[in-house]
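Below is one structure, written out as structure tokens; comments come after it.
Computed from the coordinates by the stated procedures, all read-outs in this text should not be read as laboratory data. As the structure is a computational prediction, the values presented were derived from the model and not from experiment. Every residue, glycine among them, receives a Cβ derived from its backbone with ideal geometry; neighbour counts consider all protein chains shown.
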Number of protein chains: 2
Amino acid sequence: MTSPGESGTSIQRPAKRRRAATIVDVARMAGVSQATASRALNGSARKVKQENVARVLEAAQQLNYVPNASAQSTRRGDRSTIALIISEVTDPYFSWIAEGVIERAELEGMHVTVSVTKREASRELELIRLFRSQRSRAIIIAGSPRGSGEVASEIRAELEAYEADGGRAVDISESGMPFDAVELGNRRGARALAQSLLGLGYLRFAVIAGPDERGAAEDRVLGFREGLAAADIELAPSQVLRGAFSWEGGHTVASEMNASLIEQTEVVFAVNDMMALGALAALRSRGVAVPADVALAGYDDVAPLRDTVPALTSVRIPLKQVGAQAVELGLSERGARTAVRSVESSVQLRASTPARH
Amino acid sequence: MTSPGESGTSIQRPAKRRRAATIVDVARMAGVSQATASRALNGSARKVKQENVARVLEAAQQLNYVPNASAQSTRRGDRSTIALIISEVTDPYFSWIAEGVIERAELEGMHVTVSVTKREASRELELIRLFRSQRSRAIIIAGSPRGSGEVASEIRAELEAYEADGGRAVDISESGMPFDAVELGNRRGARALAQSLLGLGYLRFAVIAGPDERGAAEDRVLGFREGLAAADIELAPSQVLRGAFSWEGGHTVASEMNASLIEQTEVVFAVNDMMALGALAALRSRGVAVPADVALAGYDDVAPLRDTVPALTSVRIPLKQVGAQAVELGLSERGARTAVRSVESSVQLRASTPARH
DNA sequence: CTGTTAGCGCGTTCAG
DNA sequence: CTGAACGCGCTAACAG
């Protein structure tokens, strides 16, 4: 909160009109009717005399005319923007999905508006309502925190209403909601990771999981459990630590992790890379060497985080592709049943989980 | 590109009406006039009988009514959303600014729509036009690539037109454009970094800069030069390497960096952290040890990138605060002159630049 | 307190 | 090919 601070050397600003030019102004200036102006500006079916087109375009240029998007879509019933709802902008998991969504949408000539829930279901509900009211073409939701509470069913109802009005909801997750979805294969990926780690000779595990048992991230815990079960290994409750889905979350969990638990653990699996990195930092500052004292694996395999030291074992998800597929679903014709796309993930073994002798 | 893939077990979707309910539907159902319905829904000045309010709300609920945002703003001339234009979503520099913008905007009850230029000026122009047409309350631009070309002046004209129509443009950078701005102190910060490095005993420098001499990042090169000049050290052209503003950019530059140049260099300054990390990875794979063989510094001090090994020296900018201030400017009354806010940055010396002997 | 009427800015019939 | 007139969904005047 700095003070207003008007810089002394700053530039004078030209003061002009206050109201934006409308198509009527353009028409008047061009000396044609408003209808003709409209036709000239957005090549309608009807033809307009070349000369008039030129005059209108000239006038528009002159007046710096831009159509009023609200009025336009009021009239046309437009649905020309895609809404993307994510939990957190600064989390690379979400920003890579966003990248994919934006790129693919642009290819289709659509614009994307990104908004953030901060993992609050109430905010998600509010946003869905907003986009419904804005007549967005599709609403893509990545990482909804909704479990089964009060708000959760309101959200579902809102999305159903949105679809009833002709919108398209696309879920990025594992959820069995009645909407189209892009599945990340979290469960399968985590199972594969567990098996890979077993293959490397690890036998004693701990998991750094999300704050509660809701959401798609929990599928990673589940899958990991299943993978271990194949070797008759179970995860005791004390071996599943919970924290926020962030660097800080992983850091906190690892900082507070019981020393004897660390002692007994050969490898820690954090359900996403950010948490893994937080844990890595915390372990390091506790004097616990990774991977010498304890190995570490993450999930998502987010690009710039790959080259930590030691390099982090993770499960790669083609996040950009996930975003792109969500757009494709959102733009496709809606069938009678929900459509599901899924992507392949792959275990990336690196230095943070060396083979155990 | 996966095939449509309709999952067999997927859920049946309820098919309903196709047109969204309007306020007329609500009014009819409640048995009141459309005007009363409007008043009941958004508590206007006039009072409405309690019973009617209840009937209207009930009907709205029943019909799953949501106001048509376009029609609403067509009528009210609304300006209730803030537009944020950034270069890249996946770059933490921008996503942290976005975080600040979104949080602060939410405090003011405004929504933010984020969009991305991919550093293409033409795309920036298109977006500004879009937001002008959408009557956004303010347009906040972070990291505009605009230099002085053809598009650059079009962009400027577009922004001026936008302001003439009552919008507010806010620039996040160092630019001397006639718009309000949040200054990052790039030049000052880079100068301070140079001086700190000199203080540590470094005498031979190289810089990894942006792809060209446009934009705010170039101020960092300039400031760095100024800092060195104080010790009578100049940066030869061969000591300024240019690459893309990304991990890949830094990686490429460092990969292709002349071996003898590395030999002669004591410390490399990359104009942002992402590039620094890319360079770090490249150097490492070339067998050049950091900081033993060459030291390394970045800029921005972006959060989750701090705990690399070695920890990266950088210049911290309070990015969230920058975003917040941009919102404050965008929402403030416009004065006759452009307003400028500035934030303090601070050099963070870490293991990647140890003191020399 | 309410209903009727008049626009907001635009695209689009329907006559010329 | 063009203009006059209408209506999208909504809010805000104006009369009751």
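A P(r) calculated from all alpha carbon pairs of the protein assembly as shown, with 10 Å bins opening at zero, reads 3, 13, 21, 24, 20, 12, 5, 2, 0 percent. Using only alpha-carbon positions in segment A:206-254, the gyration tensor eigenvalues give semi-axes of 20, 12, 8 Å once each is multiplied by 5 and square-rooted (largest first). A viscosity of 0.890 mPa s and a temperature of 25 °C, combined with the Kirkwood radius over C-alpha pairs in the Stokes-Einstein formula, give segment B:186-316 a diffusion coefficient of 174 µm²/s.
The peptide list A:203-210, A:269-276, put in order of mean Cβ contacts within 10 Å with the highest first, becomes A:269-276, A:203-210.
The residue list A:GLY149, A:SER255, B:LEU198 was ranked by how far each Cα lies along the charge dipole of the protein assembly as shown toward its positive end, using unit charges on Cβ atoms, and A:GLY149 comes out on top. Only Cα pairs under 8 Å and 6+ residues apart enter the sum, and on that basis the relative contact order of chain A stands at 16 percent.
Between the alpha-carbon centres of segment A:322-357 and segment A:24-81 there is a gap of 44 Å. Using bins of 10 Å that start at zero, the share of Cα-Cα pairs per bin across chain B amounts to 5, 21, 23, 19, 15, 9, 6, 3, 0, in whole %. With its label point put 7 Å out from Cα toward Cβ, B:ASP78 sits 1.5 nm from the same residue's point in the other copies, in order from shortest. Modelled label positions at B:ALA157 and A:GLN264, each set 7 Å beyond Cα in the direction of Cβ, lie 7.3 nm from each other. Projected label points at B:LEU200 and B:SER122, each 7 Å from Cα along the beta carbon direction, are separated by 4.3 nanometres. Comment: the Cα-to-Cβ extended label point of A:LEU203, at 7 Å, lies 5.9 nm from its counterparts in the other copies, nearest first. Across peptide A:160-172, the average count of Cβ atoms from other chains found within 10 Å of a residue's Cβ is 3. The ratio of the alpha-carbon radius of gyration of segment A:280-323 to the globular-protein estimate 2.2 N^0.38 Å is 1.34. Peptide B:259-265 is shielded by partner chain Cβ atoms: per residue, an average of 0 of them sit within 10 Å of its Cβ.
With viscosity set to 0.692 mPa s and temperature to 37 °C, compute the Stokes-Einstein D of segment A:168-230, Rh being the Kirkwood radius across alpha carbon pairs; µm²/s, no decimals.
In µm²/s, the coefficient is 260.
The label point for B:ALA351 and the one for A:ALA35, both projected 7 Å from the Cα toward the Cβ, are 7.6 nm apart.
Fewest neighbouring Cβ atoms within 10 Å first, the residues B:ILE85, B:ILE97 line up as B:ILE85, B:ILE97. A protection proxy built from the mean count of other Cβ atoms within 10 Å ranks the segments B:289-299, A:31-41, most packed first, as B:289-299, A:31-41.
Counting Cβ atoms of other protein chains within 10 Å of each residue's Cβ and taking the mean over peptide A:87-99 gives 5.
Loop-located trypsin sites (Lys or Arg not before Pro) in segment B:258-357 (DSSP state other than H, G, I, E, B) with a sparse environment of at most 14 neighbouring Cβ atoms within 10 Å: B:ARG286, B:ARG356. Estimated from the Cβ-Cβ distance and a Förster radius of 25 angstrom, the FRET efficiency linking B:SER285 and B:ILE233 is about 0.25.
To the nearest 500 deg cm²/dmol, what mean residue ellipticity at 222 nm is calculated for chain A from DSSP H runs of n ≥ 4 alone, each contributing -39,500 (n - 2.57), summed and divided by the residues?
Per the formula, -13000 deg cm²/dmol.
Inter-copy label distances for B:ALA230: 6.1 nm (label point placed 7 Å from Cα along Cα→Cβ; shortest first).
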